[in-house]
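Have a look at the structure below, then the notes.
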Amino acid sequence: FRFKDSLAEDLQRADLVISHAGAGSCLETLEEGKPLIVVINEKLMNNHQLELAKQLHRDGHVLYCNCSTLVETLQSMDLSTLKPFPPGQPEKFALFLDKAVGFK
C-alpha cells in the first residue's frame, strides 16, 4: 500500500505480513500476532530500520531480508520458529515515570 488510514482489517485477515522495517508497522503486526518478514531498505542513512529488524530477529520475532533476498527468504522460511511478541506493559512505564517525577 502506498497509504491507507488503517491496516487493522488487513492485518486481521493476513496469514503472513511482508513489510518495511518501520517501528509502527513492525509493532502493529507483531501485536496482532501475525508472522512478519521485514524487508530492510539498505539505502537509508543511519539505518535504524536495520537495527530494529536485527533486534527483533535476534529475539526470535521476525525474519528479515533485503529486496534481493526476499524470494530466497520466502522459499526457505520456517514460520514455526518465530516466537510470539509479548504484550506491552504500560503500567510499568507509568510506575517508572511516577517515581522519576517524585509522585511515589
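The values are calculated or read from the model by the stated rules, or taken from the named source; none is laboratory data. These figures come from a predicted structure and were not determined experimentally. With ideal geometry, Cβ positions are generated from the backbone for all residues, glycine too; neighbour counts draw on all protein chains shown. The area values use the complete protein model at the heavy-atom level, side chains included, leaving out ligands, DNA and RNA. Shrake-Rupley method; radii C 1.70, N 1.55, O 1.52, S 1.80 Å.
Have a look at Lys83, Lys43 and point out the one that is within 13 Å of the chain's Cα centre (by Cα), among the charged types (D, E, K, R) and not in a helix (DSSP H, G or I).
That would be Lys83, the only listed residue that is within 13 Å of the chain's Cα centre (by Cα), among the charged types (D, E, K, R) and not in a helix (DSSP H, G or I).
Is at least one residue of the range 40-56 β-branched (Val, Ile, Thr), touching a strand residue (DSSP E or B) at 6+ places or on another chain (Cβ under 6 Å), open to solvent by less than 50 Å² (accessible area, probe 1.4 Å) and modelled with pLDDT under 95?
The answer is yes; a qualifying residue exists.
In the range 50-72, how many residues are more than 20 Å from Pro84 (Cα to Cα) and in a helix (DSSP H, G or I)? Steps first, please.
Filtering the range 50-72 for residues more than 20 Å from Pro84 (Cα to Cα) gives 50, 66-72.
After this cut, where a residue has to be in a helix (DSSP H, G or I) as well, the list is 50, 67-72.
Qualifying residue count for the region: 7.
Assess whether Asp5 counts as being open to solvent by 100 Å² or more (accessible area, probe 1.4 Å), at pLDDT below 90 and out of contact with any Asp or Glu (no Cβ under 8 Å at 6 or more places or on another chain). Outline the logic, then answer.
Values: open to solvent by 100 Å² or more (accessible area, probe 1.4 Å): yes; at pLDDT below 90: yes; out of contact with any Asp or Glu (no Cβ under 8 Å at 6 or more places or on another chain): yes.
Yes, satisfied.
Any idea which residue in the range 60-104 is farthest from Asn41 (Cα to Cα), counting only those that are in contact with a strand residue (DSSP E or B) (Cβ under 7 Å, 6 or more places away or on another chain) and open to solvent by 60 Å² or more (accessible area, probe 1.4 Å)?
Met77
Would you pick out the residues in the range 68-82 that are farther than 15 Å from Val17 by Cα and touching a residue at least 12 places away in the same chain (Cβ under 8 Å)?
Matches in the range 68-82: Thr81 only.
Give me the pairs, please: first residue somewhere in the range 4-17 and on the phi < 0 side of the Ramachandran plot and outside any helix (DSSP H, G or I), second residue anywhere and open to solvent by 60 Å² or more (accessible area, probe 1.4 Å) and among the charged types (D, E, K, R), beta-carbon distance under 7 Å, and either six or more positions apart or on two chains.
Sorted first by the residue in the range 4-17, then by its partner, the pairs are Leu7/Glu28.
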